[in-house]
Structure formats: structure tokens, C-alpha cells
1. Along the charge dipole of region 38-140, Cβ charges K/R +1 and D/E -1, which of Gln97, Leu59, Leu137 sits furthest on the positive end?
2. Describe numerically, in nm with one decimal, the distance between label points set 7 Å from Cα along Cα→Cβ at Ser122 and at Arg53.
3. Starting at the first residue of region 49-60, write each ³J(HN,Hα) from the Karplus equation 6.51 cos²θ - 1.76 cosθ + 1.60 with θ = phi - 60°, in whole Hz, x for Gly and Pro.
4. What dipole magnitude, in Debye to the nearest 20, does region 38-140 give about its Cα centre under +1 on Lys/Arg Cβ and -1 on Asp/Glu Cβ?
Amino acid sequence: MPRRHSNRFARRNPCSWTQARVAQIARRLWHALRRWRRTVPVEVLIVDRIKRRTLEAELRHGLGRLGRAVGIPYPTHVAVVVQQVLKTDRQLAGGYQLWQRPDGARGALFRLALQVNGRHLSPDELLAALAEQWIGLAIEQSGAPSVLVPVELDPARTSEVGRLAVLRPDPLAPHPNGREAAEQAA
């Protein structure tokens, strides 16, 4: 008389195990493709191909990190365009435009400038401008009231800090030992 196994997987057919494994891999691939397809298109409008590809990759990577940090879903249609200069009444480092189609789908176009008032912006500064825009959109989409607390770096104070560093005593100079040496130093 055949013995019944308490474990229902003990007599599993090797083909069904293979099918289950293939199905699991297919699910993982499908989810990876969906994540890959959801990347935000980034277009850098410059001639130098190497610089363009490098900047596109850095901005895409930064957008991914920013999206995970802020935790908002992308609007239906989002794109980032990087161009040499943004011309308005004054030169800006970036800005975004929102629109809504008649079917209700929302979209956002983030625009960044590579140069502001003759000064070239570094990739870190571009990411900072993009982060400001992205966070502004996230707050706007949440609909909740918000308060911006500005943190400024005063340029005058940085020069004072530089002068203080010059006036500090040499750490390698010999220190006076005892009472007599302290009185002579004073």
C-alpha cells in the first residue's frame, strides 16, 4: 500500500517545479521592465555627445533617487529638458510648466539651464535646481499647506571665517611649560 506524504511538495513533479521557477523569473522580468519604462525622459540639448550622455545619466540617476526620497508618483507625462540658457525677463537656473489634457491626464515639463548670467552650472547645481522643482511639484500635488523655511549662506561671514583661520596660532609651535614660562609668554 502506498504511503501518503504529509508534505504536499514531497512528490512534486520536476516539470511543475521548473514551470513555477520560469513563472517567477518572468514576473520579476515584467516588474523590472515596468520600472525601466517608467523612467523620466531626459533630453540634454548640446552638441558634445559624451557630455550629453554623461549629464543625461546623472540627471536620470538623481531623479530616481529624488523620486524615492520624496515618494510621489510621477505625473502621467513628465520630461526634463536641459538647454544652454533659459531666456525670460531674467536668466533662470530652471523652471517647470504644468498642463492638463482634456482627458484629465496631467503633465510636467522641467526645464534646466546649463548657464546662468554667463556662469556655467555644475551637474550638482543642475541636480539642486531639479530637486527644488521636483519638491515644489510634490508639495503642489499634495494639496496640503506648506511652509518654506529659508536657509541662507551669508557671503560676508565666509570671508570672516577665512580671516579667523589665518589668525589662529600655529598648532605645531612649542607650548610654554610651567608657571615661569606662562608668565614670560604673557
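1. Leu59
2. My value for the distance between the label points is 2.5 nm.
3. 5, 5, 5, 4, 5, 4, 5, 4, 5, 5, 5, 4
4. Values: 14 positive and 10 negative charges, 46 e Å.
About 220 debye.
Every number here is computed from the coordinates shown, using simple stated rules; none is lab data. A quick note: this is a predicted structure, and the numbers were derived from the prediction, not measured. Reconstructed Cβ throughout: ideal geometry from the backbone, glycine too, with neighbour counts over all protein chains shown.
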